[in-house]
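So the structure is just underneath, and the comments pick up after that.
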Amino acid sequence: MAVFIPDKPPLTEPPTNYLNHVLLSEFRFLHREIQSTILTASLPHIPSHGFTLKSLTLGARDAGFLDVSVQLLPRAEFDLILFWLASRRGLLRANVEEGALFQRIAAETGVSDLGVEERVKALVLERLRMNSDVRGVWQDALAQMSLLSHIPLALNELHALSSDILSLAGDTSVDSAWYTRRLAVAAVYASADVVMTRDPTPDLTETTAFVQRRFEDRDALAAKMQGVGECVGLLGSTAVGVGRSWGLKI
Amino acid sequence: MESLPVLRRCAWQSRRRATSPLFLDFLAPSTLHRYQCRHASTDPGSPGSSKPRYVLSKKQREFLDSALRVNQAGELAATLIYKAQTPQVVRSHPHLRPLMKHMYDQEAGHFKTFNQLIAKHEIRPTAMYPVWEVAATFLGWSTAALGREAAMACTEAVETEIGSHYNDQVREILSWEADAQRRGEELDEELKEMLSTFRRIRDEELEHLDHAVANDAKEAKPYDPLVDVIRLGCRTAIKISEKV
């Protein structure tokens, strides 16, 4: 059971309010627990029934709830999709922190230690592999996520994933690279996700090759941008230097 | 045979413990995850002290996030201002070389400190980063072009704003400390360290302010409009960096 800490009420509040506060928190907590129980029980039904109400109903039955309890999930199928995404993300984190994912990959490829770039690539591929069981129904999920009202939450989750991937890979950029790197990882992952739904190979060879190519593209683009930046900077500092040598007060 | 139910319960509990972050990660994605990684380094109730640890509320954590973001942006701007000012000021007044170098080195140290803090706590840096880079370089360059007094007036204005900004942060953390004491709890070691870092940096910034005034910052012409505009700019930049 997770540690449950109700939000601290201010010290000045009368005790009755505190009781209300605790009861309300308890209620919310219980509500969340039931939601997550149903969602967890629905996960095994996804490969056969897809991200549908059917999976949710079967999951609720498995968990010992009535069919109608599916109504506890106001967004229905989309809640299941979000839960799938978030739980896979948690699993990815657990794989790295407890399952020693990087050590395993390093041992497989025969390198002593992986760099940040290789780690990012390994994490993207690992995350894609988690989706391979639901490949057949994933296009439906993508369609759901692209609905106008669902886009913000879907993008939020994509950002959380790319952020997690980069922080797990040990990226420590603290300038504009923070944004560009997250954008790049999110773009590679999202496009590979679409490619994977049409990948007939059982071990995702095509998707792996696609991800490899996208990372190469990204490196090429980054090198170009850096080159342009350096060139402009050099020109600027040369101009200022020439001006100063002429005695201009700049 | 009678140990079987106990075993099963243990297995159930351990499985629940292993998977529960996954459930809640979905239901409270931002707060819970951040809470966990924020305090990954210090475990609750460190063995040395008997007092329980003061847990920050969501609002306090948000304050800390935006404070660190602003501080990093501010130190970035400060290093760039000094870097842009140094060649021109030193050219006409070679005796200021050690002072400019001293101030620049201190700012670079502060910048490094905040970069580390931002990376450690996985805080988003400000989205205006490139804008501040250009703006700070331009501010440093243009005030230095106006002369030594204007450059020092710029330092004075910037450090006044930054000093009071750090002061506000120190005051806020001290109020948390007072709150923790009233509850019989103790602040996180990391927060205490941060408090002393903020105090040290604030004192160094105010020392720069004294240097600037000692070097005829008040002689700058036109003094009032120049300082007012720079201070207004600083305040606006702080407000923007808090949000984005």
Exercise. Answer yes or no as to whether B:Asn115 is surrounded by fewer than 19 Cβ atoms within 10 Å (Cβ to Cβ), of a type in the set (S, T, N, Q) and within 14 Å of chain A (Cβ to nearest Cβ).
Key: yes
Exercise. Please work out which residue is farthest from the other protein chains (Cβ to nearest Cβ), limiting yourself to the stretch A:144-180 and to residues that are polar (S, T, N, Q) and outside any helix (DSSP H, G or I).
Key: A:Ser146
Exercise. Might you let me know whether the stretch A:52-59 holds any residue that is within 14 Å of chain B (Cβ to nearest Cβ) and either modelled with pLDDT under 90 or touching a Pro at 6+ places or on another chain (Cβ under 6 Å) (or both)?
Key: no
Practice problem: Identify all residues within the stretch A:74-101 that are part of a loop (DSSP other than H, G, I, E, B) and either of a type in the set (Val, Ile, Thr) or out of contact with any Leu (no Cβ under 7 Å at 6 or more places or on another chain) (or both); write none if there are none. | Solution: A:Pro74, A:Arg75, A:Glu98, A:Gly99, A:Ala100
Quiz item: Would it be correct to say that B:Gly233 is over 18 Å from the mean Cα position of the chain (by Cα), loosely packed, with under 13 Cβ neighbours inside 10 Å and in contact (Cβ under 8 Å) with a residue 12 or more places away in the chain?
Solution: no
Practice problem: Among residues belonging to the stretch B:75-95 that are polar (S, T, N, Q) and surrounded by fewer than 21 Cβ atoms within 10 Å (Cβ to Cβ), point out the one that is farthest from the other protein chains (Cβ to nearest Cβ). | Solution: B:Thr86
Quiz item: For the stretch B:118-141, how many residues meet the condition of being more than 13 Å from B:Ala78 (Cα to Cα), among the small types (Gly, Ala, Ser) and either within 13 Å of the chain's Cα centre (by Cα) or buried (at least 16 other Cβ atoms within 10 Å of the Cβ) (or both)?
Solution: 1
Exercise. Go through the stretch A:92-122 and count every residue that is within 14 Å of chain B (Cβ to nearest Cβ) and either β-branched (Val, Ile, Thr) or surrounded by fewer than 17 Cβ atoms within 10 Å (Cβ to Cβ) (or both).
Key: 6
Practice problem: Test A:Met196 against the criterion of being touching a Lys or Arg at 6+ places or on another chain (Cβ under 7 Å) and under 20 Å from A:Gly90 (Cα atoms), and give yes or no. | Solution: no
Exercise. Considering each of A:Leu142, A:Leu153, A:Leu147 in turn, give the residue that is in contact with a helix residue (DSSP H, G or I) (Cβ under 9 Å, 6 or more places away or on another chain), at pLDDT below 95 and loosely packed, with under 13 Cβ neighbours inside 10 Å.
Key: A:Leu147
Quiz item: Within the stretch A:187-197, restricting attention to residues that are small (Gly, Ala, Ser) and surrounded by fewer than 19 Cβ atoms within 10 Å (Cβ to Cβ), which residue is farthest from the other protein chains (Cβ to nearest Cβ)?
Solution: A:Ser191
Quiz item: When you look at B:Asp216, is it on the phi < 0 side of the Ramachandran plot and acidic (Asp, Glu), yes or no?
Solution: no
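The values are calculated or read from the model by the stated rules, or taken from the named source; none is laboratory data. The structure displayed is predicted, hence computed values, not measured ones. We place every Cβ from the backbone using ideal geometry, glycine too, and count neighbours over all the protein chains shown.
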